[in-house]
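Participant: What follows is a structure written as structure tokens; I'll ask about it next.
Bear in mind that the values in this text are calculations on the coordinates, not laboratory data. All values reported here derive from a predicted model rather than from experimental measurement. Methodologically, a virtual Cβ is constructed for each residue, glycine included, from the backbone with ideal geometry; neighbour enumeration extends over all protein chains shown.
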Amino acid sequence: MDYQKIIEDIYEAIRPYEKEGQQATYIPELAKVNPDQYGMHLCTTRGDSASLGAADTRFSIQSISKVLSLAMCLAIKGDDLWKKIGKEPSGTAFNSLVQLEHEQGIPRNPFINAGAIVMADILLTHLDNPEQDFLRFVRAVAGNDTIDYNREVAASERETGYLNAAIANLLKYHQTIENDIESVLHLYFLMCSIEMSCRELALAFMAFADHRREFNYDGIALTSSQVKRINAIMQTCGFYDEAGEFAYLVGLPGKSGVGGGIVAIYPQQYSVAVWSPRLNSKGNSVMGLKALELLTSETKESIF
């Protein structure tokens with residue numbers, strides 16, 4: 001399969017969409033990002049790769065980081081994790097208060113904001129240095145020690161994160177989180193602020209693409225079965241309230257972030273990341289969604 005030619009052809013096909021949507025302006029630092037950028041990187045389990053555009057430009061991965069925090073929490077807590085967080089698609093916005101209140105403080109899944117805030121609380125409880133430990137794990141899984149937080153983005157999110165603060169308070173009310181609310185939010189926003197490129201994301205998610213390989217990075221170890229279950233949650237919950245549409249059009253487990261990034265895996269075959277900051281109304285990259293839809297359509301490779 002000539003993935004390089006395929007991703008080049010895909011870019012030409014989706015260029016009519018390059019002005020659709022807008023970046024996440026509700027986060028002031030993300031509003032400053034040039035929205036007219038596009039990058040894509042694909043790497044296979046055989047060691048091949050294909051790259052296009054701004055594939056080496058780092059951006060704030062935002063909710064994509066939730067897959068990595070889930071890996072850490074599942075390694076720490078095992079199945080006890082699911083006593084505090086569900087595994088079902090939300091069907092509502094990623095920052096919904098209504099759903100959380102209706103379900104008495106138990107987040108529907110790890111990838112909505114409430115679920116990720118609970119995971120930040122778990123890391124605070126179980127790690128001596130959660131801020132450093134999370135970053136060290138991300139660097140290990142990506143194989144790059146220069147990856148870092150963007151503290152300006154994290155501060156920007158905290159300044160305008162009224163809904164997330166409300167979610168944290170509701171979680172605290174229901175005793176779903178244990179630690180100080182401000183400490184939990186600080187770690188949550190930091191994790192979302194991590195900057196990675198498409199190339200780095202694709203390489204990092206090879207750990208999930210091939211569950212036959214040992215998953216043990218910086219002491220965070222998962223079984224093959226746990227890796228497959230994380231993939232299942234990416235498939236059903238990875239795209240906010242657009243997860244069904246992504247499954248229908250693309251057919252791969254994946255995760256998006258409001259920084260404009262999307263990463264997806266074709267199990268035992270490849271990992272692919274695409275970035276374009278302009279988002280649709282659901283918070284997913286317009287061109288990123290189109291690119292991945294065409295990728296699986298052209299290659300006829302999906303999990304279905």
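Participant: Starting from the amide H of T57, placed 1.01 Å from N in the peptide plane, find each other amide H under 5 Å away whose residue is 5 or more places distant or on another chain.
Facilitator: Those lying under 5 Å, H to H, from T57 are C198.
Participant: Also, I was wondering about something else. Cα-Cα over 19 Å: which of K66/K255; K32/K255; K19/K282; K87/K290; K5/K300?
Facilitator: Too far apart for the 19 Å limit: K32/K255; K87/K290.
Participant: Which residue fluctuates the most in the chain, going by a Gaussian network model with Cα springs under 10 Å, if the choices are A13, A114, A247?
Facilitator: Greatest mean-square fluctuation among the candidates belongs to A13.
Participant: Which residues among the stretch 75-93 fall inside the zone where the amide N is under 17 Å from a point 7 Å beyond the Cα of Q175, along Cα→Cβ?
Facilitator: Inside the label zone: 83-85.
Participant: Then there's this: On a 0 to 90 degree scale, rounded to 10, what angle separates helix 130-142 from the longest Cα axis of the chain?
Facilitator: 20 degrees
Participant: Which residue fluctuates most in the GNM of the chain (Cα springs below 10 Å): K66, K19, K255?
Facilitator: Of the options given, K19 has the highest mean-square fluctuation.
Participant: Would you kindly state how much longer the chain becomes between D2 and E131 on full extension, computed as 0.36 nm times their sequence separation minus their alpha carbon distance, in nm to one decimal?
Facilitator: 42.4 nm
Participant: Can you give the Kirkwood hydrodynamic radius for the stretch 3-299, in Å, rounded to one decimal and based on Cα pairs?
Facilitator: 18.7 Å
Participant: Report, in degrees rounded to the nearest 10, the 0 to 90 angle that the Cα long axis of helix 65-77 makes with the longest principal axis of the chain.
Facilitator: Roughly 50 degrees between the two axes.
Participant: Could you work out how far the C-alpha centroid of the stretch 242-274 sits from that of the stretch 154-207, in angstrom?
Facilitator: Using only Cα atoms to place each centre, the spacing works out to 21 Å.
Participant: Across the stretch 270-283, in residue order, what do the Karplus-derived ³J(HN,Hα) couplings come to in whole Hz, using 6.51 cos²θ - 1.76 cosθ + 1.60 with θ = phi - 60° and x for Gly and Pro?
Facilitator: 7, 10, 9, 10, 9, 9, 7, x, 6, 10, 8, 5, 8, x
Participant: Take the Cα atoms of the stretch 98-165, build their convex hull, and give its volume per residue in Å³.
Facilitator: Dividing the Cα hull volume of the stretch 98-165 by its residues yields 108 Å³.
Participant: For D148 and Q99, calculate 0.36 nm times their separation in residues minus their Cα-Cα distance, and state this gained length in nm to one decimal.
Facilitator: 14.4 nm
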